[in-house]
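Okay, so here's the structure we're looking at.
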Amino acid sequence: MVQYYEPLYKFAFSLTRTEADASTLTQQTFCLWATNGHHLPDRSKVKIHLFTTLHRLFLESWRRQARFPHRGSDEVASEDLPAFSPASNNHMDSAQLLKALVKVDEAYQGAVALFYLEDYSYREMAEILAVPEGTVKSRLARGIRQFRHLVG
C-alpha cells in the first residue's frame, strides 16, 4: 500500500489545494481501506478503489463545507505548494504544474489530475469519478485546454 501514498496525495492535493486537507484525505482513504479493504473482491483493482474512495471522501467534505463554510476560498500562494522532485526531462518543475492545475476549473480538475498525474484510462477515470466515459472525455478535453493555456 505504501506505493500508492504519493500518487493519492498528489491527487488529493490537486483537489483540495492545501497540504493539510490533502494529508487528511489520504489518511482517511487508507483508514477506510484498513477497515473495509478485505471486502474488495478483485485485488487487482486496489489502486482504482483507493482513488475512487479518495474522490468520494473529497466530494463528501466539499458538500459538507458548502453547507457549513468555515473559511474563505483564497487562491493558494506558490510558497504553500509542496515541492515534488521533477523528472530530469521535465521543462517545468512540479510546483509550477501543480500551481497551474489548481487554476483549472474545479469541474475539470479531477480528470486532468488523473490524466497527468496517474495516466489512467478513460474507463478507469470514469470509475474513480463515478461519471460516464463521455463525461470524462469532455471534462478532460476542456480541462486540458485550460491547463495548456495556463502553462503555455
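The values are calculated or read from the model by the stated rules, or taken from the named source; none is laboratory data. Quick caveat, the model's predicted, so the values are computed rather than measured. All Cβ positions, glycine included, derive from the backbone under ideal geometry; neighbour counts span all protein chains shown. Just so you know, the surface numbers come from the protein's heavy atoms only, side chains and all, with ligands and any DNA or RNA stripped out. Shrake-Rupley method; radii C 1.70, N 1.55, O 1.52, S 1.80 Å.
Odds and ends about this structure:
- Qualifying residue in the stretch 18-38 (condition: modelled with pLDDT under 90 and at positive phi): no
- Being of a type in the set (A, V, I, L, M), touching a Ser or Thr at 6+ places or on another chain (Cβ under 9 Å), touching a residue at least 40 places away in the same chain (Cβ under 8 Å) and closer than 14 Å to residue 114 by Cα is a description that does not apply to residue 15.
- Residue 12 satisfies every condition listed in (1) of a type outside the set (S, T, N, Q); (2) at pLDDT 90 or above; (3) open to solvent by 80 Å² or more (accessible area, probe 1.4 Å) except (3).
- Of all residues in the stretch 139-152, those that are small (Gly, Ala, Ser), open to solvent by 40 Å² or more (accessible area, probe 1.4 Å) and assigned to a helix (DSSP H, G or I) total 1.
- Residue identified as under 19 Å from residue 55 (Cβ atoms) and surrounded by fewer than 19 Cβ atoms within 10 Å (Cβ to Cβ) among 110, 134: 134
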